[in-house]
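The next block holds one structure in the form of structure tokens; read it before the comments.
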Amino acid sequence: DLTKMAAAVSGQPECATLPDTVAGLGQCFVQMGRKVAPKALIGFPPAFWSGTPVEVAAMMRAVGANQADFIVAQTSDRDAGCREAASPPAECQNGSAPFYWDVSNQTSPSFHDNQKQYSDYRTALGNGLPILWWQTPMGVPSDTPGGTDQHYRDNHVDYMLTNTQEYGEMHTIGMVFSAGGGHQTSISTDGGQFARLSVQYLARGGAALK
């Protein structure tokens, strides 16, 4: 219960009226932003490590996430192939297989699974906030698991930039692609994938945002 976990909050002048709890700390971020940097936009990233989207949304409302400007959504911050490697670097030694998502959306994990998780969370959170996807891994699709340092396989960029309307329909306002660690595939090691798919996306006229 974040309303009962202690945190130092009220000593901050902008947050003097808030409770000294973790819930108050999250609310303080929003309140400080509104007072100190009123042009800044604020978003909170939910973590689904423990709990359903509805349960996580209840927790995030307690810290003021529903009073922010957008929801921060995450696919994964590591290439699937890095976690599949026989001897993965330390930054990839976590998670549970399978790591490579099903682009046909017939088996889990899949892109539709991930979309539904955030759609359900958004509904439960309330206030109809838009979604910003961030730190999306940049690996290149392959039928062969694994890969090599900075050249691991993944299919997030390929799927998300070729199925953008799916994301537009779920109130997405933007996607941020970046390597989540020094061993991951990046824009300079992806063989031109991001540049090619970005050009194709723009040529199609983008996606209609709901």
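Structure above, values below:
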| item | result |
| --- | --- |
| Odd one out for Thr148, checked against (1) within 30 Å of Leu125 (Cα to Cα); (2) modelled with pLDDT of 95 or more; (3) polar (S, T, N, Q) | (1) |
| Tally, over the stretch 32-56, of residues that are among the polar types (S, T, N, Q) and at pLDDT below 95 | 1 |
| Among the candidates Gly174, Gly95, Gly81, residue that is assigned to a helix (DSSP H, G or I) and closer than 26 Å to Thr189 by Cα | Gly81 |
| Residue in the stretch 147-156 that is of a type in the set (S, T, N, Q), touching a helix residue (DSSP H, G or I) at 6+ places or on another chain (Cβ under 8 Å) and closer than 27 Å to Gly191 by Cα present | yes |
| Index of the failed condition, Pro88 passing every other in (1) more than 19 Å from Ala208 (Cβ to Cβ); (2) outside any loop (DSSP other than H, G, I, E, B) | (2) |
| Test: Val56 is surrounded by 22 or more Cβ atoms within 10 Å (Cβ to Cβ) and in contact (Cβ under 8 Å) with a residue 12 or more places away in the chain | no |
| Residue list for the stretch 170-200, filter: under 29 Å from Pro89 (Cα atoms), of a type in the set (S, T, N, Q) and surrounded by 13 or more Cβ atoms within 10 Å (Cβ to Cβ) | Ser178, Gln184, Thr185, Ser186, Thr189, Gln193 |
| When residues of the stretch 131-169 are limited to those that are acidic (Asp, Glu) and assigned to a loop (DSSP other than H, G, I, E, B), the one surrounded by the fewest Cβ atoms within 10 Å (Cβ to Cβ) | Asp143 |
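The values are calculated or read from the model by the stated rules, or taken from the named source; none is laboratory data. Computed from a predicted model, the values in this text were never measured in an experiment. All Cβ positions, glycine included, derive from the backbone under ideal geometry; neighbour counts span all protein chains shown.
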